[in-house]
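Below you'll find the structure, written out as structure tokens, and then a few comments.
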Amino acid sequence: MCGRFNIVPDASALIDAFDVLINTLDDYQAPQLNIPPTSPVPIVSSKEGVRSLSAAHWGLIPPWATDTKSAFRMINARAETIAEKASFRVPIVKSRCIVPASGWYEWRKEGDIKQPYYFQTGEILAFAAISVWNKPLSLLSCSILTTQASASAAQVHHRMPVLLGAQNYAQWLDPAGTYTDIKGLLKPYAGNDLSIIKVTTRVNNARYKGHDCIEAI
DNA sequence: CCAGACGTTGTT
DNA sequence: GTCTGG
DNA sequence: CCAGACGTTGTT
DNA sequence: GTCTGG
């Protein structure tokens, strides 16, 4: 799955990486080394061919919800069933977006401890995501798609976020695309450059933001 | 037509 | 918002 | 995702 | 056990 991630680059680097024209992020401070669910996260979206960078609450809040309590269950959306779920089937067609990241964390229970591992490629990553505007709360929220882990990632955990290649950003973000058009993008990462390192259990506490969150131990 | 229900993943 | 039931 | 908090009445 | 906060 993807229940914690990070973003190292600053806003201008994200704008460059995703060809963003409109930036509505305020108080974004880089790096964000330990981002938990329910945080505001940057998302890239596209409207009439113009890409925007904006903030969204991580954890999808359906249009009909009147509070944010449901969000913690919807931090991820399974790619395999996304087209069938009541909360997801509209946004997967109408409001796809990208959550930029440098890497993400997964945990594995080793004896009595919850051991975190950090996953990255060294490049800026694009998590496939969907967003929803909730009118009662005036809140934009998002959910990160997950899929089966690639062989190397599966050593730690059997699910992973869907990563988009730069050549597919435009297709993914195009609001005119149908589900059939984009479902081929929802595959486990096929690259051979995924690095997985064991990191300090200090990462477990979401308050901890030290630089060793991304250093091997 | 209106009323009323409807969220989800991953873990063990 | 969207679907189902009445 | 993980960590950490979470108790209540009645009486003075 | 369950909910909230980060």
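Since every read-out is calculated from the coordinates, none of them should be taken as a lab result. Quick caveat, the model's predicted, so the values are computed rather than measured. Methodologically, a virtual Cβ is constructed for each residue, glycine included, from the backbone with ideal geometry; neighbour enumeration extends over all protein chains shown.
Holding the Cα-Cα limit at 27 Å, pick out from A:47/A:187; A:47/A:69; A:114/A:209; A:47/A:183; A:47/A:85 the pairs that are longer than that.
A:47/A:69
Could you give each residue of the range A:132-147 its phi-based ³J(HN,Hα) in whole Hz, using Karplus coefficients 6.51, -1.76, 1.60 with θ = phi - 60°, and x for Gly or Pro?
Result, ordered by residue: 9, 9, 9, 6, x, 9, 6, 9, 8, 10, 8, 9, 9, 6, 10, 8 Hz.
Tell me the Kirkwood hydrodynamic radius of the range A:99-217 in angstroms, computed as one over the mean inverse distance between distinct C-alpha pairs.
On the way: mean 1/r = 0.0626 Å⁻¹.
For the range A:99-217, inverting the mean 1/r across all distinct Cα pairs yields 16.0 Å.
Would you work out which of A:149, A:126, A:72 lies farthest towards the positive end of the dipole of the range A:56-186, given +1 charges on the beta-carbon of Lys and Arg and -1 on that of Asp and Glu, about the Cα centre?
So the residue we want is A:72.
Run through the range A:157-217 and list the chymotrypsin sites (Phe, Trp or Tyr not before Pro) located in a DSSP loop whose Cβ has at most 15 other Cβ atoms within 10 Å.
Answer in residue order: A:208.
Determine ³J(HN,Hα), in whole Hz, for all residues of the range A:91-105 in sequence, where each value follows from phi through the Karplus function 6.51 cos²θ - 1.76 cosθ + 1.60 and θ = phi - 60°; x replaces Gly and Pro.
Couplings: x, 5, 8, 9, 9, 6, 8, 10, 9, x, 7, 9, x, 9, 10 Hz.
Between residue A:114 and residue A:139, 0.36 nm times their residue separation minus their Cα-Cα distance comes to what?
Extra length from residue A:114 to residue A:139 when fully extended: 5.7 nm.
Please report the spacing between the Cα centers of the range A:180-204 and the range A:38-57 in Å, no decimals.
The range A:180-204 and the range A:38-57 have Cα centres separated by 21 Å.
Hey, what number do you get for chain A at 222 nm if only DSSP H runs of n ≥ 4 count, each worth -39500 (n - 2.57), divided across all residues, to the nearest 500?
The helix-only estimate for chain A comes to -2000 deg cm²/dmol at 222 nm.
Subtract the Cα-Cα distance of residue A:204 and residue A:167 from 0.36 nm times their separation in residues, and report this length gain in nm to one decimal.
9.9 nm
With unit charges on the beta carbon (Lys/Arg positive, Asp/Glu negative), name the residue among A:57, A:189, A:45 whose Cα is farthest towards the positive pole of the charge dipole of the range A:5-214.
A:57
Please provide three numbers in whole Å: the alpha-carbon extents of chain A along the principal axes, with the largest listed first.
Dimensions of chain A along the principal axes of its Cα atoms: 47, 35, 35 Å.
Would you kindly state how much longer the chain becomes between residue A:152 and residue A:84 on full extension, computed as 0.36 nm times their sequence separation minus their alpha carbon distance, in nm to one decimal?
Contour length minus Cα-Cα distance gives 21.6 nm.
Note down the magnitude of the dipole of the range A:5-214 about its Cα centre, charges +1 on Lys and Arg C-beta and -1 on Asp and Glu C-beta and zero elsewhere, to the nearest 20 debye.
That gives the range A:5-214 a dipole magnitude of about 720 debye.
Mind checking the range A:69-176 for GluC sites (Glu not before Pro) that DSSP puts in a loop (not H, G, I, E or B) and that have at most 12 other Cβ atoms within 10 Å? Please report the intermediate quantities before stating the final value.
Details: sites: A:80, A:84, A:106, A:110, A:123; in loops: A:84.
Of the GluC sites (Glu not before Pro), the ones in loops of the range A:69-176 whose Cβ has at most 12 other Cβ atoms within 10 Å are A:84.
Which residues' amide hydrogens lie under 5 Å from the amide hydrogen of residue A:159, considering only partners 5 or more residues apart or on another chain, with H built in the peptide plane?
HN-HN under 5 Å from residue A:159: A:149.
Counting Lys and Arg as +1 and Asp and Glu as -1, each charge on the Cβ, what is the dipole of the range A:44-166 about the Cα centre in debye, to the nearest 20? Walk me through the numbers before you get to the answer.
Numbers: 14 positive and 8 negative charges, 70 e Å.
With Lys and Arg at +1 and Asp and Glu at -1, about 340 debye.
Please state the shape class of the range A:1-107: rounded when a/c is under 1.5, otherwise prolate if a/b exceeds b/c and oblate if not, all from the C-alpha gyration tensor.
Details: a/c = 1.74, a/b = 1.27, b/c = 1.36.
Oblate shape, in that a/c is at least 1.5 and b/c is the bigger or equal ratio.
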